[in-house]
1. For segment A:180-208, give me each residue that is in a helix (DSSP H, G or I), in contact (Cβ under 8 Å) with a residue 40 or more places away in the chain and of a type in the set (S, T, N, Q).
2. Based on what the data block shows, is A:ARG125 without any contact (Cβ under 8 Å) to a residue 12 or more places away in the chain and not hydroxyl-bearing (Ser, Thr, Tyr)?
3. Is it true that A:MET96 is in a loop (DSSP other than H, G, I, E, B) and away from ligand 2 (no atom under 16 Å from the Cβ)?
4. For segment A:50-60, what are the residues that are surrounded by 17 or more Cβ atoms within 10 Å (Cβ to Cβ) and either within 16 Å of ligand 2 (Cβ to nearest atom) or not β-branched (Val, Ile, Thr) (or both)?
5. If we keep just the residues of segment A:198-210 that are touching a Lys or Arg at 6+ places or on another chain (Cβ under 7 Å) and of a type outside the set (A, V, I, L, M, F, W, C), which is farthest from ligand 2 (Cβ to nearest atom)?
6. Have a look at A:ARG103, A:ARG65, A:ARG47 and point out the one that is facing chain B (nearest Cβ under 8 Å), basic (Lys, Arg) and either within 16 Å of ligand 2 (Cβ to nearest atom) or more than 17 Å from B:VAL187 (Cβ to Cβ) (or both).
7. For segment A:151-174, enumerate the residues that are part of a helix (DSSP H, G or I) and more than 17 Å from the chain's Cα centre (by Cα).
8. Among the residues that make up segment A:333-346, is at least one of them without any contact (Cβ under 8 Å) to a residue 24 or more places away in the chain, in the same structural domain as A:VAL255 (by TED's automatic domain parsing) and part of a loop (DSSP other than H, G, I, E, B)?
Amino acid sequence: MATVEIRNVRKSYGPVEAIKGIDIAIQDGEFLVLLGPSGCGKSTLLRMVAGLEGITGGEIAIGGRVVNHLDPKDRDIAMVFQNYALYPHMTVFDNMAYGLKIRGIPKAEIRARVDKAAEILELGRFLDRRPSQLSGGQRQRVAMGRAIVREPAAFLFDEPLSNLDAKLRTQMRVEIKRLQDRLGITSLYVTHDQVEAMTLADRILVMNHGVAEQIGTPLEVYQRPASLFVAGFIGSPPMNVLDGRIDDRGEAVLVPGGQRLLLPRPRPTDAGRPVKLGIRPEHMAVAAEGFSIEIELVEALGADTVVYGRLPDGETLLVRMAGIPTVRERDRLTVAPQDGALHLFDAVTGRRME
Amino acid sequence: MQRRVTFDSRLLPYLLLAPQVAVTLVFFIWPAAQAVWQSVHLQDAFGIRSEFVWFENFTYVLSDPNYLDTLQTTVIFSVAVTVLAMGVALLLAVLADSKIKGASAYKTLLIWPYALAPAVAAVLWMFIFNPDIGSFGRALRAMGYDWDYRLNGGQALLMVILAASWKQVSYNFIFFLAGLQAIPRSVMEAASIDGAGPVRRFWTITFPLLSPTTFFLLVVDMVYAFFETFGTIHALTQGGPGKATETLIFRVYQDGVVNNDLGGSSAQSVILMVIVIALTAVQFRFVERKVHYS
Ligand SMILES: Nc1ncnc2c1ncn2[C@@H]1O[C@H](COP(=O)(O)OP(=O)(O)O)[C@@H](O)[C@H]1O
Ligand SMILES: [Mg+2]
C-alpha cells in the first residue's frame, strides 16, 4: 500500500508531446480513474508509472520513493493489461505463481496465496488449465489474480474490461470494485468508458490531448465540469451546448431564437460577453414557455426516453424524460431547463465560468 | 467471416491437384522407386544386363569400414550444422527483435547467403579461407598457425560445417524473427513487471513460446544437413582431404556418378532415405511432445 505521486510529468515521442505536464497525488488506497478518449495519452501515463515507458520530464514517486529510473520489477506494482497478457504456455496456477517464484517466496506460501486468490476470483476449478482453455471473462480473472497474489503497493489497470461483452463487463466492474474495497490497494485505472469511471472511481482524472482537463470525484465532474470537453465527455446522452451571450445587465443569457434564460445569480462584470451554454438533457423539462422544438427522433430506453429535437435555428437539442415516451416524432414541444441547471463556459477557452 | 468455395464439378478438385501429383510422381516417386529397384540388382560393367541379388548391395555397403567412417562424419557434420545454424540464427533474431527499427535492412543483409548458389558461396569462402589467397587464411598463417584445409582433415571439416551453417542461418533467422514477433509485447511486459530480467524472460517465456518454430527448424535443418549440403561440400573440398569431409550424400554421388557403382549407390540412397525418415519420425514422436502450440 502506498501513495502514487505524479509531478509535472511529460512524455515526448520525438517532436510529438503525448503528455504535457500532469500533476496528481493519489492517496493511499485511493481508486483513481484516468478517463479520456482514445489517443489522449492515458496508457502512456500509466505505462510511465509502471516503468514500461521512459519519463521525459517530471517525477513519479511510489510510496514516497522516486521511481523514475527504476525497472518495472523494482517498483512494486502489478498491472492488468487489456489483452490480459497471460503466459499462454503456463497453467492458471503457474501464471499466478510466476512473479512469486521469481521473488523467491517459499512454495507453501505461494500455494496459499494462489489458492486464496483463486477462491476470491472463483478460479479454483481452473488452476490446471491453460489460458487457451478459458473464456474471456475467466482469463480476465486470471489476470486479476496474477496482480492480487503479488500484494503490490499499487495496481495498474489498462482498459481491463474492453475486450469483454457488455454483460460481462458490468459484472466484472462490480467485482473489481468489491475487490478494491476489500483489499484497499491504491489503484490507477485507465478507461475510455465513462460509466466505468463514474462507478469505480474515488476520483477521476479527465484527460484530453495529454493534459488533465479536470480532477475530481465522479459527482464533481458531473455536476461542475471544468470545461466544455469534460461536459461533453461525461454524461450520456451528452450535454447540450448552445452559443449564447450574456445580456447587457448581466442577469440572463440570450440564445439565438430570442430565448432569455435567467442566470442563478447576476454577473454584471460579464455583461455582453459571448458564452457557451451547457444544459444536460436530463435537466430539461416540458414547460409552458422555453425552447420550442420539433421532435425528430424518439429513443425509448424503457426506464427513460431520449428525445432529439430541432430548434428553429437548426441546432439539435436533446431532452431526456423519465419513463416511456409520451410524445411522437414530428410533434412540437416546448422545453425549459430546470432551476440551476445552466453551465456557462468561456466561448473562447471553453473553461467553466464560475 | 469465412467464405467457403464450392465446386460444381466433382472432377475439378482432382484436376487442380493433378499437376502437383504429376510432379511428385515424375520427380520423386519414380526416381525413388528406381533407386529401390537398383539397390537390389547388380549391373554388369556395360549396363546391359542386371541381376537380382537380394540384399547383397546392402551387406556390401554396410560391411565397408569406410562407409561407417562416412556415417560418423555425417553425424558430426549434421549435428554441428544444425546446432550452429539454429543457435546463431536465434541469437541474431533476438537482437533484431529488440531493435526492430533497423530490422528490415538487417533482414535483407541476412537473407543474401540463402539466395547464393553453393558454387558462388564456395568462391566467397575461398576468398576468405584459402591459405594462399584468402584474407583470413593468410592472416592465420601469418600468425604462425598452420592453416591449410586442403591438407588438414579437421580444418576441412570445420570449414564445411561453417559454410553449410552460414547458408542456413538466414532461413532460420527469418522464421525465428517471425516467431519472436508473434509473441505479444504485453506478455513480455507482464513478465518484466512480475520481476523477470531479460535472461529469465528469454528462458521462461520466449523460448517456450518459440518451440513450434524451433521444432520445425530442427527437422528442416537436419534434412538440410543430410541432403542439401552436397553442393557446398562439392565446391569446397570434394569430400577431401582423404575422406575427411565425405558425408553420406556426397558418397552416394561419388559411388554412383563417379565410380559408376549403381547398385551400391542406390543401396546407399535407400539407407539415407530410411535414416531421414526415421530421424523425422523420432523428432515428431519425442520432441514434439514438449512443443507448445498455442
Ligand atoms: N511508441 C510510441 N511512439 C510514438 N507515438 C506514440 C507511441 N505510443 C503512443 N504514442 C502516441 O501517444 C498518444 C497517446 O497514446 P496512448 O497513451 O496509447 O493513448 P490512449 O491510451 O489514451 O488511447 C497517441 O497520439 C499515440 O499515437
Ligand atoms: Mg490505451
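1. Residues satisfying the conditions are A:GLN180, A:GLN194.
2. Judged against the criteria, A:ARG125 is a match.
3. no
4. If the condition is that a residue be surrounded by 17 or more Cβ atoms within 10 Å (Cβ to Cβ) and either within 16 Å of ligand 2 (Cβ to nearest atom) or not β-branched (Val, Ile, Thr) (or both), then A:ALA50, A:GLY51, A:LEU52, A:GLU53, A:GLY58 are the ones that fit.
5. A:THR199
6. Residue meeting the stated conditions: A:ARG103.
7. Passing the criteria: A:LYS167, A:LEU168, A:GLN171.
8. No, segment A:333-346 contains no residue that is without any contact (Cβ under 8 Å) to a residue 24 or more places away in the chain, in the same structural domain as A:VAL255 (by TED's automatic domain parsing) and part of a loop (DSSP other than H, G, I, E, B).
The values are calculated or read from the model by the stated rules, or taken from the named source; none is laboratory data. Only a predicted model underlies this, so the values are computations on that prediction, with no experimental measurement involved. All Cβ positions, even for glycine, are placed from backbone atoms using ideal geometry, and neighbour counts span all protein chains on display.
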